[in-house]
Each structure stands twice: as C-alpha cells, then as structure tokens.
Amino acid sequence: QVMLVGSGGGLVQAGGSLRLSCAASGRSFSSYAMGWFRRAPGKEREVVAVIGWQSSNTYYTDSVKGRFIISRDNANNTVYLQMNNLKPEDTAVYSCAAHPVFNNIIRGAGDYWGQGTQVTVSS
C-alpha cells in the first residue's frame, strides 16, 4: 500500500510558476514510477509527466514540454512537478499516481492515486 498526498496548487497569473509536490508513504517509493495527471473541466484526464524510479526516464505530454519539469527525491519519498510559463489552458485538477511500470503510467494506469490539487491560471 502506498499513500500519496499532493499539494502546491493555487491561483497564478499566466506566465507564472507553481511547484506541485506529491509525498508518498508506505511501501518502497523508489520502486515505483510516478506520474502527474490533470483533469480540466469538461475534459478527460490526461497524463502530464512521468518519471521512472531512477529518474533516468521521463515523459512529457507535448503541450507541457519545455515548460514543466518532473523530478523526484527518493530519500524523502517525494515527486515534484515544476510548472513554468503557465497558461490558462493548464487550469485543471492535478493528481499524482504510482505504478511499478513506467510505460503503464504513460498509458494512464495507476496503482495508487493522490488526491487532486487545483491549479488555476488566470489570463
């Protein structure tokens, strides 16, 4: 069992930055690939970024490449999403997820999910 707690959302103007955090507890965090997802109003959930258990593998959806950075601190059981140059279309509820297989998170799978944190970007 892995428990995930997301935080760091808020209201920011376009062009601003936010850093989301997802703190994990329970079974070995370092053995899981971690991902950030988002769900905008009226839209389906989409994967935003994924990081492998050793941080050597990362994935970003096209719309956030060059603006978002996913990272992890295995010593502190935390994964981060640094979001820069935010746009109004980034407005969504962001959630973190854990899965043993990197490619499965990219496909939308998650064995464990954190509660969502709201990110609102004003124009």
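A few notes on this one:
- When the range 72-116 is limited to residues that are over 23 Å from ARG27 (Cα atoms) and touching a Leu at 6+ places or on another chain (Cβ under 7 Å), the one that is surrounded by the most Cβ atoms within 10 Å (Cβ to Cβ) turns out to be MET83.
- Close pairs from the range 9-37: first closer than 19 Å to ALA109 by Cβ, partner surrounded by fewer than 12 Cβ atoms within 10 Å (Cβ to Cβ), Cβ under 7 Å, at least 6 apart: GLY26/GLN1; ARG27/GLN1
- Residues being open to solvent by less than 50 Å² (accessible area, probe 1.4 Å), over 12 Å from the mean Cα position of the chain (by Cα) and of a type in the set (A, V, I, L, M, F, W, C) - total across the range 19-64: 3
The values are calculated or read from the model by the stated rules, or taken from the named source; none is laboratory data. Keep in mind the model is a prediction, meaning the values are calculated, not measured. When we count neighbours, we look across all protein chains shown, and the Cβ atoms used for this are built from the backbone with ideal geometry, even at glycine. In case anyone asks, the SASA skips ligands and DNA or RNA and just uses the protein heavy atoms, side chains included. Shrake-Rupley method; radii C 1.70, N 1.55, O 1.52, S 1.80 Å.
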